[in-house]
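Below is the structure I would like to discuss, written out as structure tokens.
The values are calculated or read from the model by the stated rules, or taken from the named source; none is laboratory data. No experiment lies behind these values; they were computed from the predicted model shown. Virtual Cβ from ideal backbone geometry, glycine too; neighbours counted across all protein chains shown.
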Amino acid sequence: MPKLVHTGSVIIDQVMVVPSLPEPGGDVVATSAEDTVGGGFNTIVASVRDGLPVRYAGLLGTGDRAAQVRRALAEYEVEIAVPPATERDTGFCVAIVDASAERTFYTYVGAEGLENYGHLAQVRVDPDDLVYVTGYSFASEENADALARWLPELPAGTTVLVDPSPLIGDLPTDQVELLLTAATIFSPNGRETRLLGEREDFSEAVRVLRDRLPEKTALVARDGNRGAWVSASAADPGRWVPAFAVEAVDTNGAGDAHTGVLLAALSRGQTLVEAVERANAAAALAVTKSGPATSPTGAEIDRFLQVGTRKPVPSA
């Protein structure tokens with residue numbers, strides 16, 4: 001059975017809700033606080049809930065945070081492919097949410113930032129597996145170097161989905177080119193599409209980005225509540241797969257739900273357009289809930305595909 005080989009980082013999110021951010025040197029009392037497993041965990045959950053098991057290829061640490069991550073991965077029967085680092089705990093991100101729902105992040109990179117080629121070389125990848133790569137991994141020079149060596153060694157024909165992440169605008173040109181050329185499916189969000197396409201207009205940005213990708217690489221450009229623009233290859237002129245109409249509560253998990261379910265659908269042999277429509281449905285359901293890992297189950301997606309209201313195809 002195919003597996004998702006997830007090369008991203010699973011860390012701890014420490015979320016605090018505050019009335020406002022303090023002035024420099026000041027202090028504000030949080031109205032609530034919660035430690036949750038986050039980072040790449042949300043995509044993992046989305047895949048597993050839609051029937052695609054996961055082999056985690058990231059590096060965990062040793063300590064309380066790493067133990068919390070291991071418990072969460074075990075709950076979803078995720079295979080951990082790399083022995084843990086003993087010299088450092090898993091990292092964490094402090095997320096401060098103010099009264100306007102604006103989020104501010106402070107991240108400490110832990111053991112996950114130490115992963116090198118020797119770690120990745122231990123990871124089993126079968127020809128029918130699907131590999132997930134995120135631009136976040138390139139925040140660590142060691143991770144970036146490891147992926148640059150490891151990705152070209154994957155079995156021929158392996159599906160590699162690249163999610164460039166918000167960091168794509170800060171990465172050096174050689175790393176951006178690596179992400180573009182390593183992908184068999186490239187899936188940016190609207191902001192990332194506009195950055196890579198160097199155009200404010202989404203349709204124009206998509207055309208430029210399509211030309212930057214290898215001929216056979218598929219492009220799934222997600223544009224929030226409009227849906228996704230899909231092109232299976234350079235020979236495919238592309239088409240919109242519209243979003244579903246829902247009342248959004250929290251949009252943070254939409255991209256992770258979309259990616260995880262897209263990969264799960266592809267692993268079962270669905271066409272790219274069919275898989276994107278299913279991923280759109282999952283993302284729509286995910287934003288109707290608040291909190292981490294809100295991706296729906298496969299049965300919930302199946303029902304929603306039958307009864308959900310599809311939005312009109314965007315005009316541009």
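Out of all the residues in the stretch 299-312, is one or more hydrophobic (A, V, I, L, M, F, W, C), modelled with pLDDT under 95, surrounded by 14 or more Cβ atoms within 10 Å (Cβ to Cβ) and under 23 Å from Arg55 (Cβ atoms)?
no
Of the residues Arg149, Arg194, Arg124, Arg207, only one is of a type in the set (Lys, Arg), surrounded by fewer than 21 Cβ atoms within 10 Å (Cβ to Cβ), on the phi < 0 side of the Ramachandran plot and touching a helix residue (DSSP H, G or I) at 6+ places or on another chain (Cβ under 6 Å); which?
Arg149
Any residue in the stretch 113-120 that is hydrophobic (A, V, I, L, M, F, W, C), within 24 Å of Ala182 (Cα to Cα) and more than 21 Å from the chain's Cα centre (by Cα)?
Checked against the condition, which is being hydrophobic (A, V, I, L, M, F, W, C), within 24 Å of Ala182 (Cα to Cα) and more than 21 Å from the chain's Cα centre (by Cα), the stretch 113-120 yields no hits at all.
Pairs under 6 Å by beta carbon, first residue under 18 Å from Val109 (Cβ atoms) and of a type in the set (Val, Ile, Thr) in the stretch 9-20, partner assigned to a strand (DSSP E or B) and at pLDDT 95 or above, six or more apart or different chains?
Matching pairs, first to second residue: Ile11/Phe92; Ile12/Phe92.
Check whether at least one residue in the stretch 69-80 is surrounded by fewer than 21 Cβ atoms within 10 Å (Cβ to Cβ), of a type in the set (D, E, K, R) and touching a Phe, Trp or Tyr at 6+ places or on another chain (Cβ under 7 Å), and report yes or no.
yes
From the residues in the stretch 22-40 that are among the aliphatic types (A, V, I, L, M) and surrounded by fewer than 12 Cβ atoms within 10 Å (Cβ to Cβ), which one is farthest from Ala293 (Cα to Cα)?
Across the stretch 22-40, the extreme among qualifying residues is Val29.
Sticking with this one: Give me the strands (runs of 3 or more DSSP E) completely within the stretch 1-115, filtered to those with at least 2 residues that are more than 24 Å from Val133 (Cα to Cα) and among the charged types (D, E, K, R), ordered by residue number.
32-39
Yes/no matrix, rows are residues, columns are (1) among the acidic types (Asp, Glu); (2) within 14 Å of Arg212 (Cβ to Cβ); (3) not in a strand (DSSP E or B):
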position: Val125; (1), (2), (3): no, no, yes
position: Phe138; (1), (2), (3): no, no, yes
position: Ala144; (1), (2), (3): no, no, yes
position: Pro155; (1), (2), (3): no, no, yes
position: Val160; (1), (2), (3): no, no, no
position: Gly169; (1), (2), (3): no, no, yes
position: Glu177; (1), (2), (3): yes, yes, yes
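Residue by residue through the stretch 3-40, note down the ones that are of a type in the set (A, V, I, L, M), under 21 Å from Gly91 (Cα atoms) and at pLDDT below 95.
The answer is Val15, Met16, Val17, Ala33.
How do the pairs read when you match residues in the stretch 274-300 that are more than 19 Å from Gly40 (Cα to Cα) and of a type in the set (Ser, Thr, Tyr) with residues anywhere that are assigned to a loop (DSSP other than H, G, I, E, B) and at pLDDT 95 or above, using Cβ under 6 Å and keeping only pairs 6 or more apart or on different chains?
What qualifies is Thr288/Val246.
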